[in-house]
Amino acid sequence: METTDTASATETGKGAGQAAPGKGTARILPRWARRARRRAPAPGTHHWRRDLVELAGLFTAVAVADAIAKTVVNGPRGPVMLLASAVALLVTAGVHCWWARRHPHVPPPADTGPGTGTGTGLPAAADGAPGATTLWRMRTTVRDEPGSLAQLCVALAHRRVDILSLQTHPLTEGTVDEFLLRAPEGLAAATLTRTVAGAGGSGTWIERADAHDLVDAPTRVLGLATRTALDPAELPLALRQLLGRCTIRSVPAARAAQDGQAVPVEGVLDGTVLRLRAPADGVITIERPHLPFTPTEFARARALVELDSRLGARLPRARHVMRLDRGEAVTVQRADAEDLPAARALHERCSPETLAKRYHGPARDADRYLDHLLSPRFGRTLAARDAEGRIVALGHLLWDGDETEIALLVEDAWQRRGIGGELLGRLVAMAVEAGGESVYAVTQASNTAMVAAMRGLGLPLDYQIEEGTLVVTARLDVTPVCSRPPYDLRSGDARPSH
């Protein structure tokens, strides 16, 4: 079973260097460290008791010396008294040595202010400015032996690196430790990697993190499970957020059987590739070339896919009413495979020119691609319906590996009335919510309506034209630049069309 350990920030002394050897237990101070902490005087403490004892010893020594001198001079047993004085002096020196070893005087640290030391007696690192920090996600493999993790933590503490959280992934040989670190801003990733390698870590992988990574693993997994339970289209996004940067592909059951990609019910873990049995006997393939998967990650991914399979078909049925320029009301809502007959009827009513602009060429058999487009396994679909319930427009948001494609189809009689801009705005808002960085649309260079709809988003656009095919890419990690976009990406409310 996986163990998750979370350590707090270290300005008060709970640093990475205080982690005890071993994995899966709470991090506590070793016994010698606790004794040293109790013995160490607080900064600025005046040792008045020690001064008093030394002063009393001085007066006692003077009195004894005076008594001995008078006795030796005036008494008949002078040599005996001198010998007794020598013995007393030796006994006193022995007691003093024993007391000094039993109660050492640990000097206070030179500076215990925030950002100037580790608070653990370890030397402060020379690289990085105090106060300025950077978050890192790091994964490394260490020996599964007592003390191996402690050695790594001490090495990080020497660099003034704070361990915010730790997850352990047991393997047959060794253990993969995944850290969330807060390091000085000037500390480079290469320096961290060398430090970890010197402490016994191998196969180290590191990348920048952000505030979202501060959420502990159980909370994040529960949130992803909730999103998947509410909407089947969330499964690819949940897997990507769970496993990091990876490529996810869904293959239908028939095609998987033809290509020999069928997998057993329990799935397959093959280094940097995961294969899981998807709902309806399809196959979900997850690839992450830069970092092998661990058995723990494989178990989490399989649990999410199994949850999605057990819940079966489901779809949020929220409806949004849009008023057009002529007063008609159009209802916008999610669509799936159950809407296949209505979507097929839409294609039959569209002209060949409209279909050619949507599919970049002649559209002969709509059933071949509608099953794919309407499946929540591959993305999300929005449908606009008229007062009679007929679908008059479709908008698709398709997960294409690491990228996101967007596409629109509006019936001829309903074009140029703002429906395409409404669908496009809602689809882009979904992409933003899913954490996408950009969306792209592929159309013909002559499709001015699609270009106008993309420009209406108020987002930075990139245009690429190849042999009459136009690819328009919109960046999502910026604020819209127009004053009144057709769709408010923050609130999700449609703005009225004029």
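Annotations
- Residue match in segment 198-208 (condition: over 19 Å from the mean Cα position of the chain (by Cα), of a type in the set (A, V, I, L, M, F, W, C) and open to solvent by 50 Å² or more (accessible area, probe 1.4 Å)): no
- The residues in segment 281-314 that are open to solvent by 30 Å² or more (accessible area, probe 1.4 Å) and over 30 Å from PRO170 (Cα atoms) can be counted, and the count is 4.
- Hey, THR354 in a helix (DSSP H, G or I), in contact with a helix residue (DSSP H, G or I) (Cβ under 6 Å, 6 or more places away or on another chain) and not small (Gly, Ala, Ser) or not: yes
- Flag if ARG249 is in contact (Cβ under 8 Å) with a residue 40 or more places away in the chain, at negative phi, of a type outside the set (A, V, I, L, M, F, W, C) and part of a loop (DSSP other than H, G, I, E, B): no
- Taken over segment 334-360, residues that are polar (S, T, N, Q) and crowded, with 17+ Cβ neighbours inside 10 Å amount to 1.
- Screening segment 152-163 for residues that are in a helix (DSSP H, G or I) and farther than 13 Å from ASP177 by Cα and picking the one that is nearest to the chain's Cα centre (by Cα) gives LEU156.
- Within the span defined as segment 256-265, one or more residues are touching a helix residue (DSSP H, G or I) at 6+ places or on another chain (Cβ under 8 Å), over 21 Å from ASP336 (Cα atoms) and open to solvent by 70 Å² or more (accessible area, probe 1.4 Å).
- Index of the failed condition, LEU397 passing every other in (1) in a strand (DSSP E or B); (2) over 28 Å from the mean Cα position of the chain (by Cα): (2)
- For segment 410-442, taking the residues that are assigned to a helix (DSSP H, G or I), under 32 Å from the mean Cα position of the chain (by Cα) and among the charged types (D, E, K, R), the one that is nearest to LEU459 (Cα to Cα) is identified as ARG426.
- Positions within segment 412-440 being in contact with a helix residue (DSSP H, G or I) (Cβ under 6 Å, 6 or more places away or on another chain) and either crowded, with 18+ Cβ neighbours inside 10 Å or free of Cβ contacts under 8 Å to residues at least 24 places away in the same chain (or both), in sequence order: GLY420, GLY421, LEU424, ALA434, VAL439
- Yes/no for SER250 being over 30 Å from ARG416 (Cα atoms), open to solvent by 40 Å² or more (accessible area, probe 1.4 Å) and not aromatic (Phe, Trp, Tyr): no
- Criterion (small (Gly, Ala, Ser) and touching a strand residue (DSSP E or B) at 6+ places or on another chain (Cβ under 9 Å)) met by exactly one of ALA303, ALA337, ALA345, ALA299: ALA345
- Hey, ARG194 of a type in the set (D, E, K, R), assigned to a strand (DSSP E or B) and open to solvent by 60 Å² or more (accessible area, probe 1.4 Å) or not: no
- Any chance THR168 is open to solvent by less than 50 Å² (accessible area, probe 1.4 Å), closer than 26 Å to ARG300 by Cα and modelled with pLDDT of 90 or more: no
- Residue match in segment 229-245 (condition: within 27 Å of MET138 (Cα to Cα), open to solvent by 70 Å² or more (accessible area, probe 1.4 Å) and polar (S, T, N, Q)): yes
- For segment 443-453, the set of residues classified as outside any helix (DSSP H, G or I) and over 17 Å from LEU394 (Cα atoms) consists of GLN444, ALA445, SER446, listed by residue number.
- Annotation note: Cβ proximity below 9 Å between a residue of segment 206-229 that is closer than 23 Å to THR191 by Cβ and a residue that is assigned to a helix (DSSP H, G or I) (sequence gap 6+ or interchain) occurs for ILE206/ALA189; ILE206/LEU192; ILE206/THR193; ILE206/VAL196; GLU207/ALA189; ARG208/ALA189; ASP213/ARG220.
- Just one of the numbered conditions (1) among the aliphatic types (A, V, I, L, M); (2) touching a residue at least 60 places away in the same chain (Cβ under 8 Å); (3) part of a loop (DSSP other than H, G, I, E, B) is not true of ALA301: (3).
The values are calculated or read from the model by the stated rules, or taken from the named source; none is laboratory data. These numbers come from a predicted model, not from an experiment. Heads up, the Cβs are rebuilt from the backbone with ideal geometry, glycines too, and the neighbour counts pull from every protein chain shown. Side chains are part of the model used for accessible areas, which takes the heavy atoms of the whole protein and leaves out ligands, DNA and RNA. Shrake-Rupley method; radii C 1.70, N 1.55, O 1.52, S 1.80 Å.
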